[in-house]
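Okay, so here's the structure we're looking at.
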Amino acid sequence: MATFARFEKDGRVSYGLVRAGGIEELRGGLFDAPQPSGRSFALDEVKLLAPCEPPKILAVGQNYVSHLGSRSVPTKPEIFYKPITSLQDPDGPIVIPEDAKDVHFEGELVVVIGSTVRHASREDAAAAVFGVTCGNDVSDRNWQRGAGKDSQYWRAKGCDTFAPLGPWIVTDLDYSDLLLRTRVNGEITQEQRTSDFIFDVPTVIAFVSRYVTLTPGDVIYTGTPGNTRRMLPGDAIEVEIEGIGTLRNPVQAG
């Protein structure tokens, strides 16, 4: 098991290996067998960034029965895209657009793809997972399905800062049964295990790869459990996943 982060120090962006409260700088890309540079820093000396630079961001909707409400259980993974520009760093603000009326948090396990995948079997799909991290699929319910509904999710789920990711990627972790918690200002608002997925991770990856080639660095937000609620400027959102860590982001008005 290893923990990889992406960080900025003195204007320089690098990947690093997180160990015992510190980070060892690596040379090279995350998927290119990076080597130690010989430099190490305390975590509080660096700015953590989104832990990878994904070529594309996909997400699964309706992947916990507890989140369905009155909707029927889907018969296949419901997939949508979020733009790269929606990424936000750990501790970076979630910015609510001025005309957004009902912006919610969605704490999620996020899978990072480590190899090229096309027409994958379940076994190939599982082997393609580089690691996992925490994510928040921020969503405006009014634009998604309210009175102001758009025909597509382009802004409901795709506004700038609507995809917080991090704080780091953990490899070789059994992600099939992890406890996920979301907290708003310290209050637990979501709590469920990833073993409750309707569609598990290999199923999702195999399904997507039938139609879209996945490549190293792609990320898949795997769905949110339970109920969510509106976020307000000044709130602090934390997504904590067992074995990974905690993604924290403040909320501010745009």
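Quick check on the stretch 241-249. Is at least one of its residues closer than 23 Å to TRP168 by Cα, touching a residue at least 12 places away in the same chain (Cβ under 8 Å), of a type in the set (Asp, Glu) and surrounded by fewer than 17 Cβ atoms within 10 Å (Cβ to Cβ)? Give the derivation first.
Taking the stretch 241-249 as the starting set, the residues that turn out to be closer than 23 Å to TRP168 by Cα are 241-249.
Subset that is touching a residue at least 12 places away in the same chain (Cβ under 8 Å): 241-249.
So of that shortlist, the ones also of a type in the set (Asp, Glu) come out as 242.
Those left that are additionally surrounded by fewer than 17 Cβ atoms within 10 Å (Cβ to Cβ): 242.
Yes, the stretch 241-249 has at least one match.
Residues checked against (1) outside the structural domain of VAL201 (by TED's automatic domain parsing); (2) surrounded by fewer than 15 Cβ atoms within 10 Å (Cβ to Cβ):
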| site | (1), (2) |
| --- | --- |
| LEU30 | yes, no |
| SER72 | no, yes |
| TYR81 | no, no |
| LEU87 | no, no |
| PRO97 | no, no |
| GLY107 | no, no |
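State all residues of the stretch 119-154 that are crowded, with 16+ Cβ neighbours inside 10 Å and either free of Cβ contacts under 8 Å to residues at least 24 places away in the same chain or hydroxyl-bearing (Ser, Thr, Tyr) (or both); if no residue qualifies, say none.
THR133, SER139, GLN144, TYR153
Restricting attention to the stretch 210-240, and to residues there that are farther than 13 Å from LEU165 by Cα and among the polar types (S, T, N, Q), which single residue is surrounded by the fewest Cβ atoms within 10 Å (Cβ to Cβ)?
Among residues in the stretch 210-240 that are farther than 13 Å from LEU165 by Cα and among the polar types (S, T, N, Q), the one surrounded by the fewest Cβ atoms within 10 Å (Cβ to Cβ) is ASN227.
Only residues that are out of contact with any Pro (no Cβ under 7 Å at 6 or more places or on another chain) and not polar (S, T, N, Q): list them for the stretch 111-129, please.
Selection gives VAL111, VAL112, VAL117, ARG118, HIS119, ALA120, GLU123, ASP124, ALA127, ALA128, VAL129.
How many residues are under 22 Å from VAL201 (Cα atoms), in contact with a strand residue (DSSP E or B) (Cβ under 7 Å, 6 or more places away or on another chain) and assigned to a helix (DSSP H, G or I) when one looks only at the stretch 120-151?
2
Going by the structure shown, is TRP154 modelled with pLDDT of 95 or more, part of a loop (DSSP other than H, G, I, E, B), in the same structural domain as ASP218 (by TED's automatic domain parsing) and under 29 Å from THR203 (Cβ atoms)?
Details: modelled with pLDDT of 95 or more: yes; part of a loop (DSSP other than H, G, I, E, B): yes; in the same structural domain as ASP218 (by TED's automatic domain parsing): yes; under 29 Å from THR203 (Cβ atoms): yes.
Yes: the conditions hold for TRP154.
Under 9 Å between Cβ atoms, which residue pairs at least 6 apart in sequence (or on different chains) link something in the stretch 89-101 that is touching a residue at least 60 places away in the same chain (Cβ under 8 Å) with a partner that is in a loop (DSSP other than H, G, I, E, B) and polar (S, T, N, Q)?
GLY92/THR161; PRO93/THR161; ILE94/THR161; VAL95/THR161; ILE96/THR161
The values are calculated or read from the model by the stated rules, or taken from the named source; none is laboratory data. All of these numbers come straight from a predicted model, not from anything done at the bench. Neighbour counts run over all protein chains shown; Cβ positions are idealised from the backbone, glycine included.
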